[in-house]
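Visitor: Once you've had a glance at the structure underneath, I'll fire off some questions.
The values are calculated or read from the model by the stated rules, or taken from the named source; none is laboratory data. Nothing here was measured: the structure is a model prediction, and the numbers come from that model. Cβ placement follows ideal geometry from the backbone for every residue including glycine, while neighbour counts extend to all protein chains displayed. Only protein heavy atoms, including side chains, enter the accessible area calculation; ligands, DNA and RNA are left aside. Shrake-Rupley method; radii C 1.70, N 1.55, O 1.52, S 1.80 Å.
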Amino acid sequence: MPPSPAPSLEERKRLISLQEKIASEIVFEDRFSEGVVAGVDQAFISRKDGREMVISGAVAFDSTLRPLSKSWAILDTTFPYVPGLLSFREGPTALEAVKRLETRPTILFVDGCGINHPRRAGLASHIGVTLNVPTIGVSKNVLCGTFDPPGRVGDASPLVYVGERVGYVLFSKKRCRPIVVAPGHKVSVDGALDLARRYLRDNKLPEPCFAAHQQANLVKRQILSGEVSF
DNA sequence: GCGACAG
DNA sequence: ATCTTGTCGC
């Protein structure tokens with residue numbers, strides 16, 4: 001039996017209208033500062049008894065990437081993975097982890113889509129509007145939109161969806177598939193590309209995303225080994 | 001009608 | 001995302 005029941009058509013309609021409301025509140029201009037740069041990412045635990053849980057890890061840095069604070073949160077899964085509705089699966093836990101950071105982010109990197117979404121309401125936009133925090137979405141795969149593959153490391157190609165430029169596909173590291181960066185909330189399309197590039201270090205993903213991924217998986221390992229309980 | 005489809 | 005060891009390449 002599935003961990004979380006598939007949403008009915010009526011339920012989907014309700015969630016989609018929720019996304020449309022969120023999309024209507026997105027600010028598309030750059031209105032962020034880089035005082036506290038953070039990242040949030042999720043990991044999952046599926047137990048033998050059929051239960052599935054979401055773990056979110058968040059990490060905050062100053063503008064020079066010096067660590068400021070970390071946090072995490074864990075919740076039971078209540079929604080399955082449905083392309084276009086990821087926010088309802090990972091959003092609750094991610095929001096909680098970000099709230100638990102001692103330092104409120106002034107710009108937050110989120111794993112997933114931003115406005116590069118069928119209703120311009122990817123996880124990054126969802127979190128940004130909900131917390132009124134500037135966000136940028138970073139993903140490893142394209143949900144929607146087309147692009148010409150960037151040729152060299154450092155290059156970026158516009159990601160276009162229904163005639164609109166919704167983000168960029170960035171060749172972030174040699175021998176790695178390019179990543180997708182897009183505005184979540186209070187960040188412009190070019191601002192998102194600039195942020196992604198400036199916070200890239202030695203990894204495929206910008207440092208806030210990389211660190212958040214590590215944090216989520218560290219907590220997961222600690223929970224599985226009994227070092228940490230909840 | 002048939003695929004594609006963030007994590 | 002997750003299931004999983006080694007392995008090829010830089």
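Visitor: Report relative contact order for chain A in percent, whole number only (criteria: Cα-Cα under 8 Å, sequence separation at least 6).
Guide: Details: 557 pairs, mean separation 49.9, N = 230.
Once normalised by length, the contact order is 22 percent.
Visitor: For region A:24-224, would you read off the P(r) tail past 22 Å as a percentage of all alpha carbon pairs? Walk me through the numbers on the way to the answer.
Guide: Values: 8631 of 20100 pairs.
When every Cα pair of region A:24-224 is considered, 43 percent fall beyond 22 Å.
Visitor: To continue, here is another question. Roughly speaking, to the nearest percent, how much of chain A's 1.4 Å accessible area is carbon and sulfur?
Guide: On the way: 5730 of 11080 Å².
Carbon and sulfur atoms account for 52 percent of the accessible area of chain A.
Visitor: What is the sum of charges around A:Val160, taking Lys and Arg as +1, Asp and Glu as -1, for the other residues whose C-beta is under 14 Å from the C-beta of A:Val160?
Guide: Details: positive: A:Arg120, A:Arg165; negative: A:Asp148, A:Glu164.
Once all neighbours under 14 Å are counted, the net charge is 0.
Visitor: Could I ask something else about it? List, in order, the whole-Hz ³J(HN,Hα) value for each residue of region A:210-219 obtained from phi through the Karplus relation with A = 6.51, B = -1.76, C = 1.60 and θ = phi - 60°; use x for Gly and Pro.
Guide: Going residue by residue, I get 4, 5, 5, 5, 4, 4, 4, 6, 5, 4 Hz, with x marking Gly and Pro.
Visitor: Where only protein heavy atoms count, and the probe is 1.4 Å, what is the accessible area per residue for region A:24-224 in Å²? Walk me through the numbers before you get to the answer.
Guide: Details: 8770 Å² over 201 residues.
Ligands and nucleic acids excluded, the result is 44 Å² per residue.
Visitor: Which of rounded, prolate or oblate describes region A:50-102 when judged by the alpha-carbon gyration tensor and an a/c cut-off of 1.5? Each step should come with its number before you reach the end.
Guide: Numbers: a/c = 3.32, a/b = 2.11, b/c = 1.57.
Prolate, since a/c reaches 1.5 and a/b exceeds b/c.
Visitor: If you don't mind, another one. Please say if region A:150-218 is rounded, prolate or oblate, where rounded means a/c under 1.5 for a ≥ b ≥ c the square roots of the C-alpha gyration tensor eigenvalues, and otherwise the choice is prolate for a/b larger than b/c and oblate otherwise? Walk me through the intermediate numbers first.
Guide: On the way: a/c = 2.06, a/b = 1.35, b/c = 1.53.
It is oblate, given that a/c is not under 1.5 and a/b is not larger than b/c.
Visitor: Is region A:101-184 best put as rounded, prolate or oblate by its Cα gyration tensor, with a ≥ b ≥ c the root eigenvalues, rounded for a/c under 1.5, and otherwise prolate when a/b is larger than b/c, oblate when not? Intermediate results must be reported in sequence, preceding the final value.
Guide: Working: a/c = 2.69, a/b = 1.45, b/c = 1.86.
Here region A:101-184 falls in the oblate category.
Visitor: Explain nothing, just the number: relative contact order of region A:134-230, from Cα pairs under 8 Å at least 6 residues apart, as a whole percent. Don't skip to the end; give the middle numbers.
Guide: Values: 154 pairs, mean separation 22.2, N = 97.
For region A:134-230, the relative contact order is 23 percent.
Visitor: For A:Glu96, what is the net charge nearby, where nearby means another residue's Cβ is under 15 Å from its Cβ and Lys, Arg count +1, Asp, Glu -1? Please list the in-between numbers first.
Guide: Working: positive: A:Lys70, A:Arg89, A:Lys99, A:Arg100, A:Arg104; negative: A:Asp41, A:Asp76, A:Glu90, A:Glu102.
Neighbour charge sum, excluding A:Glu96 itself: +1.
Visitor: Further, regarding this structure: Using θ = phi - 60° and the Karplus relation 6.51 cos²θ - 1.76 cosθ + 1.60, list the HN-Hα couplings for region A:38-52 in order, rounded to whole Hz, with x at every Gly or Pro.
Guide: 10, x, 9, 8, 10, 9, 10, 10, 10, 8, 4, 6, x, 6, 10
Visitor: Now for a different question. Order the following by accessible area, largest value first: A:Val189, A:Val98. Probe radius 1.4 Å; ligands, DNA and RNA are ignored.
Guide: Numbers: A:Val189 30, A:Val98 10 Å².
Of A:Val189, A:Val98, the descending order of accessible area is A:Val189, A:Val98.
Visitor: When DSSP beta bridges are limited to those with both residues in chain A, what percentage is antiparallel, rounded to the nearest 5?
Guide: 80 percent
Visitor: According to a simple spin-label model (label point 7 Å from Cα along Cα-to-Cβ), what is the distance in nm between A:Arg201 and A:Leu18?
Guide: Computed distance between label sites A:Leu18 and A:Arg201 equals 3.6 nm.
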